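One structure is given here, and the rest of the page talks about it.
The values are calculated or read from the model by the stated rules, or taken from the named source; none is laboratory data. The model shown is predicted, which means the values in this text are computed figures rather than measured ones. Positions of Cβ are backbone-derived with ideal geometry, glycine not excepted, and every protein chain shown enters the neighbour counts. All accessible areas refer to the heavy atoms of the entire protein, side chains included, with ligands and DNA or RNA removed. Shrake-Rupley method; radii C 1.70, N 1.55, O 1.52, S 1.80 Å.
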Amino acid sequence: MTHPTTTSPDAAPSPYRADGSGYFGEFGGAILPPFLAGPMAEVAEAYEAARQDPEFQRQYQDLLSKYVGRPSLLYFAENLTNRLGGAKVYLKREDLNHTGAHKINHTLGEALLAKRMGKTKVIAETGAGQHGVALATAAALVGLECEIHMGAIDVAKQHPNVVRMELLGAKVVPVERGGRSLKEAVDSAFEVYAASPDEYLFAIGSVVGPHPFPSMVRDFQSVVGREARAQILEAEGRLPDALVACVGGGSNAMGLFDAFLTDESVRVIGVEPAGEGLDTDRHAATMTLGVVGDLHGMHTKVLLDENGEPAPVHSIGSGIDYPGVGPQHAHLEQLGRGEYVTVTDAEALDAFQLLTRTEGIIPALESSHALAHVVKLAPELGPDAIIIANLSGRGDKDVDFVAERLAQA
Ligand SMILES: *Cc1c(COP(=O)(O)O)cnc(C)c1O
(Lines give C-alpha, C1' and ligand atoms only; values in the text may rest on other atoms or scores of the structure.)
Protein backbone atom coordinates (compact mmCIF):
# COMPACT_ATOMS: atom_id res chain seq x y z
CA MET A 1 0.00 0.00 0.00
CA THR A 2 1.15 3.54 -0.59
CA HIS A 3 2.16 5.91 2.18
CA PRO A 4 0.92 9.39 1.40
CA THR A 5 3.34 11.91 2.88
CA THR A 6 2.48 13.70 6.06
CA THR A 7 -0.50 15.94 5.46
CA SER A 8 0.18 19.60 6.02
CA PRO A 9 -2.02 22.26 7.61
CA ASP A 10 -1.77 24.46 4.53
CA ALA A 11 -2.43 21.64 2.05
CA ALA A 12 -5.62 20.67 3.89
CA PRO A 13 -7.03 23.66 5.76
CA SER A 14 -8.82 22.11 8.69
CA PRO A 15 -10.43 23.40 11.86
CA TYR A 16 -8.56 20.64 13.63
CA ARG A 17 -5.02 21.89 12.97
CA ALA A 18 -2.92 24.23 15.09
CA ASP A 19 -2.22 27.80 13.99
CA GLY A 20 1.33 28.98 13.29
CA SER A 21 2.04 29.43 17.00
CA GLY A 22 0.88 25.94 17.84
CA TYR A 23 -2.53 26.86 19.24
CA PHE A 24 -5.48 24.52 18.78
CA GLY A 25 -8.15 27.08 19.60
CA GLU A 26 -7.22 28.22 23.11
CA PHE A 27 -5.03 25.17 23.82
CA GLY A 28 -1.38 24.48 23.09
CA GLY A 29 1.24 27.14 22.40
CA ALA A 30 4.80 27.23 23.69
CA ILE A 31 4.70 28.51 27.24
CA LEU A 32 8.38 28.59 28.08
CA PRO A 33 10.98 30.58 29.98
CA PRO A 34 13.04 32.81 27.63
CA PHE A 35 16.10 30.51 27.69
CA LEU A 36 14.02 27.69 26.20
CA ALA A 37 11.89 29.75 23.80
CA GLY A 38 14.75 30.21 21.32
CA PRO A 39 15.80 26.55 21.11
CA MET A 40 12.17 25.45 20.79
CA ALA A 41 11.48 27.95 18.02
CA GLU A 42 14.50 26.49 16.24
CA VAL A 43 12.96 23.01 16.51
CA ALA A 44 9.64 24.31 15.14
CA GLU A 45 11.36 25.92 12.18
CA ALA A 46 13.46 22.84 11.46
CA TYR A 47 10.42 20.57 11.64
CA GLU A 48 8.42 22.79 9.31
CA ALA A 49 11.23 22.59 6.75
CA ALA A 50 11.58 18.82 7.21
CA ARG A 51 7.85 18.30 6.86
CA GLN A 52 7.88 19.94 3.46
CA ASP A 53 11.06 18.21 2.31
CA PRO A 54 10.28 15.17 0.13
CA GLU A 55 13.70 13.69 0.93
CA PHE A 56 13.04 13.78 4.69
CA GLN A 57 9.60 12.27 4.18
CA ARG A 58 11.04 9.56 1.93
CA GLN A 59 13.69 8.63 4.53
CA TYR A 60 11.04 8.50 7.23
CA GLN A 61 8.54 6.43 5.22
CA ASP A 62 11.36 4.11 4.25
CA LEU A 63 12.19 3.39 7.89
CA LEU A 64 8.50 2.83 8.65
CA SER A 65 8.17 0.17 5.99
CA LYS A 66 11.61 -1.44 6.15
CA TYR A 67 12.43 -1.16 9.86
CA VAL A 68 9.19 -0.81 11.81
CA GLY A 69 7.35 -3.26 9.54
CA ARG A 70 4.52 -1.01 8.39
CA PRO A 71 1.77 -1.06 7.41
CA SER A 72 0.60 -2.77 10.58
CA LEU A 73 -2.34 -5.16 10.22
CA LEU A 74 -5.93 -4.10 10.66
CA TYR A 75 -7.20 -7.32 12.20
CA PHE A 76 -10.86 -8.33 12.32
CA ALA A 77 -11.26 -9.75 15.84
CA GLU A 78 -14.01 -12.20 14.98
CA ASN A 79 -13.94 -14.20 18.22
CA LEU A 80 -14.09 -11.03 20.29
CA THR A 81 -16.86 -9.69 18.06
CA ASN A 82 -18.91 -12.86 18.54
CA ARG A 83 -18.30 -12.82 22.27
CA LEU A 84 -19.45 -9.20 22.62
CA GLY A 85 -22.48 -9.73 20.39
CA GLY A 86 -22.58 -6.35 18.69
CA ALA A 87 -20.46 -4.20 16.40
CA LYS A 88 -17.68 -5.70 14.33
CA VAL A 89 -14.42 -5.04 16.13
CA TYR A 90 -11.21 -4.38 14.20
CA LEU A 91 -7.85 -3.96 15.93
CA LYS A 92 -5.07 -1.76 14.57
CA ARG A 93 -2.07 -3.88 15.44
CA GLU A 94 0.56 -1.38 16.59
CA ASP A 95 1.71 -4.15 18.95
CA LEU A 96 3.28 -5.83 15.92
CA ASN A 97 5.67 -2.96 15.23
CA HIS A 98 9.37 -3.41 15.94
CA THR A 99 9.76 -2.80 19.72
CA GLY A 100 6.10 -3.69 20.25
CA ALA A 101 4.23 -0.39 20.39
CA HIS A 102 3.29 2.75 18.53
CA LYS A 103 6.04 4.87 20.11
CA ILE A 104 8.68 3.85 17.56
CA ASN A 105 6.67 5.77 14.90
CA HIS A 106 7.50 9.11 16.47
CA THR A 107 10.90 8.41 18.02
CA LEU A 108 12.26 7.56 14.55
CA GLY A 109 10.88 10.84 13.23
CA GLU A 110 12.44 12.75 16.12
CA ALA A 111 15.80 11.03 15.65
CA LEU A 112 15.81 11.85 11.94
CA LEU A 113 14.98 15.46 12.73
CA ALA A 114 17.81 15.64 15.30
CA LYS A 115 20.24 14.32 12.72
CA ARG A 116 19.01 16.80 10.13
CA MET A 117 19.45 19.65 12.62
CA GLY A 118 23.07 18.64 13.18
CA LYS A 119 22.48 17.57 16.79
CA THR A 120 24.66 14.80 18.19
CA LYS A 121 22.37 13.69 21.01
CA VAL A 122 18.74 13.13 21.85
CA ILE A 123 17.58 13.54 25.43
CA ALA A 124 14.32 12.71 27.19
CA GLU A 125 12.77 11.68 30.44
CA THR A 126 10.99 8.40 30.85
CA GLY A 127 8.62 7.02 33.47
CA ALA A 128 8.13 3.31 33.01
CA GLY A 129 10.87 3.31 30.40
CA GLN A 130 8.80 2.68 27.27
CA HIS A 131 9.62 6.05 25.71
CA GLY A 132 13.24 5.67 26.74
CA VAL A 133 13.52 2.29 25.03
CA ALA A 134 11.82 3.51 21.85
CA LEU A 135 14.09 6.55 21.73
CA ALA A 136 17.24 4.54 22.49
CA THR A 137 16.26 2.20 19.63
CA ALA A 138 15.84 5.06 17.16
CA ALA A 139 19.08 6.69 18.33
CA ALA A 140 21.01 3.43 17.87
CA LEU A 141 19.65 3.07 14.35
CA VAL A 142 20.14 6.65 13.21
CA GLY A 143 23.53 7.05 14.94
CA LEU A 144 22.95 9.50 17.77
CA GLU A 145 23.89 9.50 21.43
CA CYS A 146 20.93 9.10 23.73
CA GLU A 147 20.51 10.33 27.30
CA ILE A 148 17.50 9.25 29.34
CA HIS A 149 16.61 10.77 32.70
CA MET A 150 14.63 8.55 34.97
CA GLY A 151 13.46 8.91 38.58
CA ALA A 152 15.55 6.70 40.86
CA ILE A 153 12.39 4.93 42.03
CA ASP A 154 11.49 4.10 38.43
CA VAL A 155 15.04 2.92 37.72
CA ALA A 156 14.62 0.35 40.48
CA LYS A 157 11.07 -0.62 39.46
CA GLN A 158 11.64 -0.88 35.72
CA HIS A 159 14.87 -2.82 35.71
CA PRO A 160 14.35 -4.67 32.37
CA ASN A 161 13.79 -1.40 30.50
CA VAL A 162 16.89 0.14 32.09
CA VAL A 163 18.91 -2.84 30.89
CA ARG A 164 17.40 -2.53 27.41
CA MET A 165 18.26 1.16 27.16
CA GLU A 166 21.83 0.55 28.29
CA LEU A 167 22.28 -2.34 25.88
CA LEU A 168 21.05 -0.04 23.11
CA GLY A 169 23.85 2.34 24.04
CA ALA A 170 21.86 4.96 25.94
CA LYS A 171 23.09 6.72 29.06
CA VAL A 172 20.48 6.32 31.79
CA VAL A 173 20.63 9.07 34.42
CA PRO A 174 18.92 8.16 37.72
CA VAL A 175 17.36 11.28 39.26
CA GLU A 176 17.73 11.32 43.04
CA ARG A 177 16.08 14.63 43.94
CA GLY A 178 12.60 15.23 45.40
CA GLY A 179 10.12 12.44 44.85
CA ARG A 180 12.69 10.65 42.62
CA SER A 181 9.98 10.06 40.04
CA LEU A 182 8.82 11.21 36.58
CA LYS A 183 8.26 14.84 37.52
CA GLU A 184 11.84 15.25 38.78
CA ALA A 185 13.12 13.38 35.71
CA VAL A 186 11.41 15.96 33.45
CA ASP A 187 13.03 18.84 35.36
CA SER A 188 16.44 17.17 35.34
CA ALA A 189 16.37 16.42 31.60
CA PHE A 190 15.19 19.95 30.82
CA GLU A 191 18.06 21.47 32.80
CA VAL A 192 20.65 19.47 30.89
CA TYR A 193 18.96 20.35 27.61
CA ALA A 194 18.71 24.06 28.45
CA ALA A 195 22.44 24.17 29.24
CA SER A 196 23.43 22.91 25.76
CA PRO A 197 20.52 23.06 23.30
CA ASP A 198 23.02 23.11 20.42
CA GLU A 199 24.01 19.53 21.15
CA TYR A 200 20.63 18.03 21.99
CA LEU A 201 17.15 17.55 20.63
CA PHE A 202 14.71 17.16 23.48
CA ALA A 203 12.58 14.28 22.20
CA ILE A 204 9.15 14.45 23.82
CA GLY A 205 7.31 11.14 24.10
CA SER A 206 3.74 12.08 23.20
CA VAL A 207 1.56 14.82 21.66
CA VAL A 208 2.36 17.04 24.65
CA GLY A 209 4.76 19.84 25.57
CA PRO A 210 5.42 23.07 23.70
CA HIS A 211 4.85 23.65 19.99
CA PRO A 212 5.86 21.98 17.67
CA PHE A 213 5.65 18.67 19.60
CA PRO A 214 1.85 18.22 19.73
CA SER A 215 1.65 18.71 15.95
CA MET A 216 4.92 16.99 15.10
CA VAL A 217 4.34 13.83 17.14
CA ARG A 218 0.78 13.66 15.78
CA ASP A 219 2.10 13.93 12.22
CA PHE A 220 4.56 11.10 12.84
CA GLN A 221 1.80 8.96 14.39
CA SER A 222 -0.82 9.83 11.78
CA VAL A 223 0.38 6.98 9.58
CA VAL A 224 -1.69 4.76 11.90
CA GLY A 225 -4.99 6.37 10.90
CA ARG A 226 -4.10 6.75 7.23
CA GLU A 227 -3.39 3.04 7.02
CA ALA A 228 -6.49 2.12 9.04
CA ARG A 229 -8.70 4.28 6.82
CA ALA A 230 -7.46 2.62 3.63
CA GLN A 231 -7.59 -0.84 5.24
CA ILE A 232 -11.17 -0.54 6.48
CA LEU A 233 -12.34 0.82 3.11
CA GLU A 234 -10.76 -2.21 1.49
CA ALA A 235 -12.18 -4.70 4.01
CA GLU A 236 -15.67 -3.26 4.48
CA GLY A 237 -16.15 -0.75 1.68
CA ARG A 238 -17.06 1.92 4.18
CA LEU A 239 -15.77 4.00 7.06
CA PRO A 240 -16.10 2.78 10.66
CA ASP A 241 -18.70 4.15 13.05
CA ALA A 242 -16.26 4.68 15.90
CA LEU A 243 -12.56 4.80 16.70
CA VAL A 244 -11.41 3.95 20.21
CA ALA A 245 -7.96 4.55 21.70
CA CYS A 246 -6.48 4.98 25.15
CA VAL A 247 -5.28 8.45 26.13
CA GLY A 248 -2.31 9.20 28.34
CA GLY A 249 -0.57 12.09 26.62
CA GLY A 250 -2.66 11.11 23.64
CA SER A 251 -0.27 10.17 20.82
CA ASN A 252 -1.64 6.78 19.80
CA ALA A 253 -5.15 8.25 19.90
CA MET A 254 -4.25 11.29 17.77
CA GLY A 255 -2.39 8.96 15.41
CA LEU A 256 -5.52 6.91 14.82
CA PHE A 257 -7.96 9.85 14.84
CA ASP A 258 -6.14 12.32 12.59
CA ALA A 259 -7.01 10.84 9.20
CA PHE A 260 -10.71 10.61 10.16
CA LEU A 261 -11.31 14.01 11.75
CA THR A 262 -13.00 15.51 8.72
CA ASP A 263 -15.17 12.38 8.36
CA GLU A 264 -17.77 13.75 10.73
CA SER A 265 -19.76 10.48 10.76
CA VAL A 266 -16.88 8.69 12.48
CA ARG A 267 -17.02 9.04 16.27
CA VAL A 268 -13.60 9.44 17.88
CA ILE A 269 -13.42 8.23 21.46
CA GLY A 270 -10.48 8.61 23.84
CA VAL A 271 -10.34 6.38 26.90
CA GLU A 272 -8.70 7.65 30.07
CA PRO A 273 -7.71 5.75 33.20
CA ALA A 274 -10.22 5.98 36.04
CA GLY A 275 -7.71 3.92 38.06
CA GLU A 276 -9.25 2.90 41.36
CA GLY A 277 -12.24 5.18 40.77
CA LEU A 278 -13.04 8.77 39.80
CA ASP A 279 -14.15 9.43 43.36
CA THR A 280 -10.68 8.54 44.70
CA ASP A 281 -7.41 10.41 44.15
CA ARG A 282 -6.04 7.29 42.43
CA HIS A 283 -6.82 7.98 38.75
CA ALA A 284 -5.41 9.92 35.78
CA ALA A 285 -8.63 11.13 34.13
CA THR A 286 -7.36 14.51 32.96
CA MET A 287 -9.95 15.14 30.24
CA THR A 288 -12.80 14.10 32.52
CA LEU A 289 -11.85 15.76 35.80
CA GLY A 290 -9.05 18.18 34.90
CA VAL A 291 -9.09 21.96 34.82
CA VAL A 292 -7.65 24.29 32.20
CA GLY A 293 -4.09 25.27 33.04
CA ASP A 294 -0.43 25.22 31.98
CA LEU A 295 1.84 22.20 32.19
CA HIS A 296 5.15 21.27 30.52
CA GLY A 297 5.10 24.22 28.14
CA MET A 298 1.49 23.91 26.94
CA HIS A 299 -1.94 25.32 27.78
CA THR A 300 -4.20 22.32 28.22
CA LYS A 301 -6.24 20.40 30.75
CA VAL A 302 -4.43 19.33 33.90
CA LEU A 303 -5.10 17.47 37.11
CA LEU A 304 -3.95 19.58 40.07
CA ASP A 305 -3.55 18.80 43.75
CA GLU A 306 -4.82 21.07 46.55
CA ASN A 307 -1.67 23.24 46.22
CA GLY A 308 -2.22 23.84 42.53
CA GLU A 309 0.68 21.53 41.61
CA PRO A 310 0.37 18.70 39.06
CA ALA A 311 -1.40 15.92 40.96
CA PRO A 312 0.21 12.56 41.69
CA VAL A 313 -1.77 10.31 39.36
CA HIS A 314 -2.35 6.60 39.12
CA SER A 315 -3.18 4.01 36.50
CA ILE A 316 -2.52 0.32 36.17
CA GLY A 317 -1.19 1.28 32.72
CA SER A 318 2.10 3.01 33.51
CA GLY A 319 2.19 4.73 30.09
CA ILE A 320 -1.08 6.58 30.69
CA ASP A 321 -0.62 7.92 34.23
CA TYR A 322 0.01 11.53 33.23
CA PRO A 323 -1.60 14.58 34.90
CA GLY A 324 -1.88 16.46 31.57
CA VAL A 325 -3.08 15.69 28.07
CA GLY A 326 -2.20 16.76 24.54
CA PRO A 327 -3.77 20.15 23.75
CA GLN A 328 -5.41 18.87 20.57
CA HIS A 329 -7.54 16.50 22.67
CA ALA A 330 -8.75 19.40 24.81
CA HIS A 331 -9.61 21.21 21.60
CA LEU A 332 -11.44 18.25 20.03
CA GLU A 333 -13.54 17.96 23.16
CA GLN A 334 -14.34 21.67 23.17
CA LEU A 335 -15.40 21.47 19.51
CA GLY A 336 -17.63 18.51 20.32
CA ARG A 337 -15.63 16.41 17.86
CA GLY A 338 -13.91 14.12 20.38
CA GLU A 339 -15.57 12.11 23.15
CA TYR A 340 -13.65 11.17 26.29
CA VAL A 341 -14.64 8.36 28.62
CA THR A 342 -12.98 6.47 31.45
CA VAL A 343 -12.25 2.88 32.35
CA THR A 344 -11.08 1.57 35.75
CA ASP A 345 -8.01 -0.55 36.49
CA ALA A 346 -10.32 -3.51 37.13
CA GLU A 347 -12.15 -3.10 33.80
CA ALA A 348 -8.83 -2.83 31.95
CA LEU A 349 -7.58 -5.97 33.67
CA ASP A 350 -10.74 -7.85 32.59
CA ALA A 351 -10.32 -6.67 29.00
CA PHE A 352 -6.67 -7.75 29.08
CA GLN A 353 -7.74 -11.28 29.96
CA LEU A 354 -10.65 -11.28 27.53
CA LEU A 355 -8.51 -10.44 24.50
CA THR A 356 -5.78 -12.84 25.58
CA ARG A 357 -8.24 -15.74 25.88
CA THR A 358 -10.51 -15.02 22.90
CA GLU A 359 -7.92 -13.93 20.33
CA GLY A 360 -4.56 -15.17 21.59
CA ILE A 361 -3.27 -11.61 21.67
CA ILE A 362 -1.73 -10.22 24.87
CA PRO A 363 -2.39 -6.47 24.89
CA ALA A 364 -0.52 -3.79 26.84
CA LEU A 365 -2.40 -2.66 29.94
CA GLU A 366 -2.63 0.80 28.35
CA SER A 367 -4.29 -0.62 25.23
CA SER A 368 -6.55 -2.72 27.47
CA HIS A 369 -8.28 0.52 28.45
CA ALA A 370 -9.39 1.01 24.84
CA LEU A 371 -10.53 -2.61 24.71
CA ALA A 372 -12.49 -2.26 27.95
CA HIS A 373 -14.48 0.56 26.38
CA VAL A 374 -15.05 -1.54 23.26
CA VAL A 375 -16.58 -4.19 25.55
CA LYS A 376 -19.21 -1.60 26.54
CA LEU A 377 -19.63 0.06 23.16
CA ALA A 378 -19.92 -2.92 20.80
CA PRO A 379 -23.28 -4.23 22.16
CA GLU A 380 -24.56 -0.66 22.37
CA LEU A 381 -23.86 0.09 18.70
CA GLY A 382 -25.22 -3.26 17.48
CA PRO A 383 -24.21 -5.66 14.71
CA ASP A 384 -24.44 -3.20 11.82
CA ALA A 385 -21.70 -1.02 13.28
CA ILE A 386 -17.92 -1.15 12.89
CA ILE A 387 -15.40 -0.17 15.57
CA ILE A 388 -11.65 0.23 15.14
CA ALA A 389 -9.65 0.08 18.37
CA ASN A 390 -5.98 0.96 18.52
CA LEU A 391 -3.98 -1.88 20.03
CA SER A 392 -1.18 0.53 20.91
CA GLY A 393 1.23 -2.08 22.24
CA ARG A 394 1.85 -5.65 23.25
CA GLY A 395 1.50 -6.79 26.83
CA ASP A 396 4.63 -8.86 27.33
CA LYS A 397 5.97 -6.09 29.58
CA ASP A 398 2.89 -6.48 31.80
CA VAL A 399 2.54 -10.23 32.24
CA ASP A 400 4.38 -10.54 35.59
CA PHE A 401 2.38 -7.69 37.07
CA VAL A 402 -0.93 -9.10 35.81
CA ALA A 403 -0.13 -12.60 37.06
CA GLU A 404 0.62 -11.16 40.51
CA ARG A 405 -2.59 -9.12 40.54
CA LEU A 406 -4.66 -12.12 39.52
CA ALA A 407 -3.03 -14.28 42.17
CA GLN A 408 -4.04 -11.71 44.83
CA ALA A 409 -7.65 -11.51 43.60
C1 LIG B 1 3.19 5.04 26.14
C2 LIG B 1 2.07 4.17 25.76
C3 LIG B 1 0.74 4.66 25.69
C4 LIG B 1 0.37 6.05 26.08
O5 LIG B 1 0.88 7.06 25.28
P6 LIG B 1 -0.06 7.99 24.41
O7 LIG B 1 0.83 9.12 24.05
O8 LIG B 1 -1.23 8.41 25.26
O9 LIG B 1 -0.50 7.19 23.26
C10 LIG B 1 -0.25 3.79 25.26
N11 LIG B 1 0.01 2.52 24.94
C12 LIG B 1 1.26 2.01 25.01
C13 LIG B 1 1.47 0.58 24.64
C14 LIG B 1 2.32 2.82 25.42
O15 LIG B 1 3.57 2.31 25.49
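Observations on the structure shown:
- Some residue of region 311-322 being part of a loop (DSSP other than H, G, I, E, B), modelled with pLDDT of 95 or more and touching a Pro at 6+ places or on another chain (Cβ under 6 Å): no
- Single unsatisfied condition, Phe27 versus (1) modelled with pLDDT of 95 or more; (2) farther than 29 Å from Asn97 by Cα; (3) surrounded by fewer than 20 Cβ atoms within 10 Å (Cβ to Cβ); (4) aromatic (Phe, Trp, Tyr): (3)
- Test: His314 is out of contact with any helix residue (DSSP H, G or I) (no Cβ under 7 Å at 6 or more places or on another chain) and within 16 Å of the ligand (Cβ to nearest atom): yes
- Scanning region 75-92 for residues that are buried (at least 19 other Cβ atoms within 10 Å of the Cβ) and not aromatic (Phe, Trp, Tyr) yields Ala77, Leu80, Thr81, Leu84, Gly86, Ala87, Lys88, Val89, Leu91, Lys92.
- The set of residues from region 392-409 being over 22 Å from the mean Cα position of the chain (by Cα) and open to solvent by 100 Å² or more (accessible area, probe 1.4 Å) comprises Asp400, Glu404, Gln408, Ala409.
- Evaluation of Leu36 against the conditions (1) more than 26 Å from Leu233 (Cβ to Cβ); (2) open to solvent by 70 Å² or more (accessible area, probe 1.4 Å) shows that the sole unmet condition is (2).
- Selection of region 148-181 for residues being out of contact with any His (no Cβ under 8 Å at 6 or more places or on another chain) and buried (at least 23 other Cβ atoms within 10 Å of the Cβ) yields Ile148, His149, Met150, Gly151, Asp154, Gln158, Asn161, Met165, Ala170.
- Test: residue in region 103-114 that is within 16 Å of the ligand (Cβ to nearest atom), of a type in the set (D, E, K, R) and open to solvent by 50 Å² or more (accessible area, probe 1.4 Å): no
- Residue ID - farthest from Met254 (Cα to Cα), chosen from residues in region 182-209 that are within 16 Å of the ligand (Cβ to nearest atom) and part of a loop (DSSP other than H, G, I, E, B): Ala203
- Selection status of Ala389, within 14 Å of the ligand (Cβ to nearest atom) and in a helix (DSSP H, G or I): no
- For the residues Glu272, Glu236, Glu264, the requirement of being over 11 Å from the mean Cα position of the chain (by Cα), charged (D, E, K, R), within 16 Å of the ligand (Cβ to nearest atom) and within 27 Å of Leu381 (Cα to Cα) singles out Glu272.
- Pairs are defined by a Cβ separation below 9 Å, a sequence spacing of at least 6 or placement on different chains, a first member in region 165-183 that is at positive phi and in the same structural domain as Leu135 (by TED's automatic domain parsing), and a second member that is in a helix (DSSP H, G or I) and open to solvent by 40 Å² or more (accessible area, probe 1.4 Å); the pairs so defined are Gly169/Ala140; Gly178/Asp187; Arg180/Ile153.
- Boolean, Val122 is over 19 Å from Gly179 (Cβ atoms) and away from the ligand (no atom under 14 Å from the Cβ): yes
- Condition check for Ala370: within 12 Å of the ligand (Cβ to nearest atom), aliphatic (A, V, I, L, M) and either more than 19 Å from the chain's Cα centre (by Cα) or modelled with pLDDT of 95 or more (or both): yes
- Among the residues of this structure, Phe190 counts as one that is assigned by TED's automatic domain parsing to the domain that holds Gln158, closer than 19 Å to Lys121 by Cβ and surrounded by fewer than 24 Cβ atoms within 10 Å (Cβ to Cβ).
- Condition met for Thr344 (open to solvent by 10 Å² or more (accessible area, probe 1.4 Å), over 16 Å from the mean Cα position of the chain (by Cα), within 24 Å of Lys157 (Cβ to Cβ) and away from the ligand (no atom under 16 Å from the Cβ)): yes
Yes/no matrix, rows are residues, columns are (1) touching a residue at least 60 places away in the same chain (Cβ under 8 Å); (2) farther than 29 Å from Leu36 by Cα:
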{"residue": "Ala245", "(1), (2)": "yes, yes"}
{"residue": "Phe257", "(1), (2)": "yes, yes"}
{"residue": "Leu261", "(1), (2)": "yes, yes"}
{"residue": "Ser265", "(1), (2)": "no, yes"}
{"residue": "Gly275", "(1), (2)": "yes, yes"}
{"residue": "Gly297", "(1), (2)": "yes, no"}
{"residue": "Thr300", "(1), (2)": "yes, no"}
{"residue": "Leu304", "(1), (2)": "no, no"}
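- Test: Thr262 is open to solvent by 20 Å² or more (accessible area, probe 1.4 Å) and either touching a Pro at 6+ places or on another chain (Cβ under 6 Å) or β-branched (Val, Ile, Thr) (or both): yes
- Residue match in region 368-376 (condition: aliphatic (A, V, I, L, M), in contact with a helix residue (DSSP H, G or I) (Cβ under 6 Å, 6 or more places away or on another chain) and surrounded by 24 or more Cβ atoms within 10 Å (Cβ to Cβ)): yes
- Test: residue in region 351-358 that is open to solvent by 10 Å² or more (accessible area, probe 1.4 Å), assigned to a helix (DSSP H, G or I), of a type in the set (D, E, K, R) and touching a residue at least 24 places away in the same chain (Cβ under 8 Å): no
- Here Gln130 meets each of (1) under 14 Å from the mean Cα position of the chain (by Cα); (2) under 23 Å from Ala194 (Cα atoms); (3) open to solvent by 20 Å² or more (accessible area, probe 1.4 Å) with one exception, condition (2).
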